[in-house]
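To keep things clear, I will list the structure first and then write my remarks on it.
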Amino acid sequence: MKLSDYVIRWGKDRPDHAFLSLDGKTITYGEADAFTKGKGESLPEEVHGKVVALYLTDPASQVLWFLAVERAGAVPLLVHEYIKGERLEELFDARPIDFFLTDSETGGVSVSKREDGLFFGRIKDTGITRKEGVAVLTSGSSGLSKIFFRRVESWADFFPVQNKAFGVDGDSILYTQGSMAFTGNLNMLFSFMAEGAVIAGTMKVLPRTWMKEIISLHATHIYMIPSKLYPLSRMNGSSDSVKYILTGSQLMTERILTGLKKRFPKSDTVMYYGASELNYVSCIRGSKILEMPDSVGKPFPGVNVTIKDGEIFVESPYRVEDIPLPFTCHDLGYFDKDGWLHFTGRREDVYNIKGNHVSRQRVISHILMTEGIDEAELLAVPSENGLRLIAFVAGDDVPDTRTMIRKLHEKLEIWEIPHRFIRVKSIPKRSTGKTDKDALLKILEESKE
């Protein structure tokens, strides 16, 4: 089976139906079928069974070329646009990648210009011929990006399960933001493609544009992480067409959920927990997110979750290749008496405060449910009396410290409450979207002066 089989199917059954509407470029299923067939045939036969890295800046091109390379019998791999220069060369040198197709930077690879204006070249001969499948790249936020290889069935066999949970059918219109090189965007896109649905979105970080396009396209689904849903929830405008808001298990706030319900009154928010290695593991929706801010819901059918020594272990047929089962990302958690899975963070995010174990995830989750707080982060900083928790909070109407402590006392133990709260304009982020802890430490140091 190939992902491109869906394009072939819908190219025949509904050729004039929109497939992609990304950054103003609309492609029908018929056009996508013709493109992937033609471009796949334009690649040399030697790519068969080899990994082809795609370094493309246009999201529609990312999707179409991914499918074209797969259709040609090669293994497609989208490379994040922020990996440049020496980092790109290091990636090509260290990882099993055979060929390179790009519209911009060569990454130190000798390339030839194609008739369509793109550049193509061989990186190296890895000596490996792979079976049909696809490859995905990790974000590389903690070092050099890793490559995971997947059988197409590890995604496709789960599409019926996730599409049922997320309310996806052939009439659905997804709106998303960002590069398709991110596994979450790519997986979600292909699950909608499996139903012959429309996938719309933009690379632009302009919430007003998002809202305008969601309304004009009559989008039924929105897929964004909470940090992007926050500005969207504050935009003027509303849409009754949105039925589902899908988001990863980053920390959610009461203000975001309330704002989304105001803008999209007929929507239901679904927050999932998963990993690049595993696909989706569990999900939680609606009011339950507010009731249990540190819960990630209940496991999906066919996914078995167990807890061993406080760590979450998962057995799933929807996984990448060559990982041990049961598999753990070293996330910590537990099941409550009603079968809800609670995520308490990574082992390194559990602190020893005055002899008590304190979960960073749990503390931040409850801080974010305090009215007036839109963003929060927590650091454990050494002091003469052991580790101290320092909370960084942002929002237009952050309550005073005494009010925050009083609210947190209702849900947390005294040793879980931060020693100090520092107000910031926003929580600094790295290019991957993760918190820049070095920047927070600098803010902390400057606040002492």
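The values are calculated or read from the model by the stated rules, or taken from the named source; none is laboratory data. No experiment lies behind these values; they were computed from the predicted model shown. Cβ coordinates were reconstructed from backbone atoms using ideal geometry, including for glycine residues, and neighbour counts include every protein chain displayed.
Strands (runs of 3 or more DSSP E) fully within the range 324-368 that include at least 1 residues being within 16 Å of residue 294 (Cβ to Cβ), hydrophobic (A, V, I, L, M, F, W, C) and at pLDDT 90 or above: 331-335, 341-346, 356-359.
Check 85, 73 and return the single one that is without any contact (Cβ under 8 Å) to a residue 40 or more places away in the chain and either under 21 Å from residue 20 (Cβ atoms) or not hydroxyl-bearing (Ser, Thr, Tyr) (or both). The match here is 85. Kindly indicate the residue of the range 80-130 that is assigned to a loop (DSSP other than H, G, I, E, B) and of a type in the set (Asp, Glu) and also modelled with the highest pLDDT among those meeting that condition. Within the range 80-130, the match that is modelled with the highest pLDDT is 98.
Is it the case that some residue within the range 80-94 is within 18 Å of residue 178 (Cβ to Cβ) and buried (at least 18 other Cβ atoms within 10 Å of the Cβ)? Yes, there is a match, as at least one residue in the range 80-94 is within 18 Å of residue 178 (Cβ to Cβ) and buried (at least 18 other Cβ atoms within 10 Å of the Cβ). Looking only at residues of the range 306-326 that are free of Cβ contacts under 8 Å to residues at least 12 places away in the same chain and either under 20 Å from the mean Cα position of the chain (by Cα) or closer than 21 Å to residue 157 by Cα (or both), we find that the one that is surrounded by the fewest Cβ atoms within 10 Å (Cβ to Cβ) is 324.
Within the range 252-270, being buried (at least 20 other Cβ atoms within 10 Å of the Cβ) and either part of a loop (DSSP other than H, G, I, E, B) or modelled with pLDDT under 95 (or both) holds for 252, 253, 255, 256, 257, 264, 267.
Yes/no matrix, rows are residues, columns are (1) of a type in the set (Lys, Arg); (2) closer than 18 Å to residue 5 by Cα:
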site: 17; (1), (2): no, yes
site: 26; (1), (2): no, no
site: 37; (1), (2): yes, yes
site: 46; (1), (2): no, no
site: 49; (1), (2): no, yes
site: 56; (1), (2): no, no
site: 63; (1), (2): no, yes
site: 67; (1), (2): no, yes
site: 72; (1), (2): no, yes
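The set of residues in the range 112-152 that are of a type in the set (Asp, Glu) and either over 20 Å from residue 322 (Cβ atoms) or assigned by TED's automatic domain parsing to the domain that holds residue 320 (or both) comprises 115, 116, 125.
Any chance the range 26-41 includes a residue that's touching a residue at least 40 places away in the same chain (Cβ under 8 Å), under 20 Å from residue 219 (Cβ atoms) and assigned to a loop (DSSP other than H, G, I, E, B)? No, every residue in the range 26-41 fails to be touching a residue at least 40 places away in the same chain (Cβ under 8 Å), under 20 Å from residue 219 (Cβ atoms) and assigned to a loop (DSSP other than H, G, I, E, B).
Restricting the range 327-386 to residues that are farther than 25 Å from residue 282 by Cα and among the charged types (D, E, K, R) leaves a set whose member that is surrounded by the most Cβ atoms within 10 Å (Cβ to Cβ) is 371.
The selection criterion, being part of a loop (DSSP other than H, G, I, E, B) and buried (at least 20 other Cβ atoms within 10 Å of the Cβ), does not hold for residue 188.
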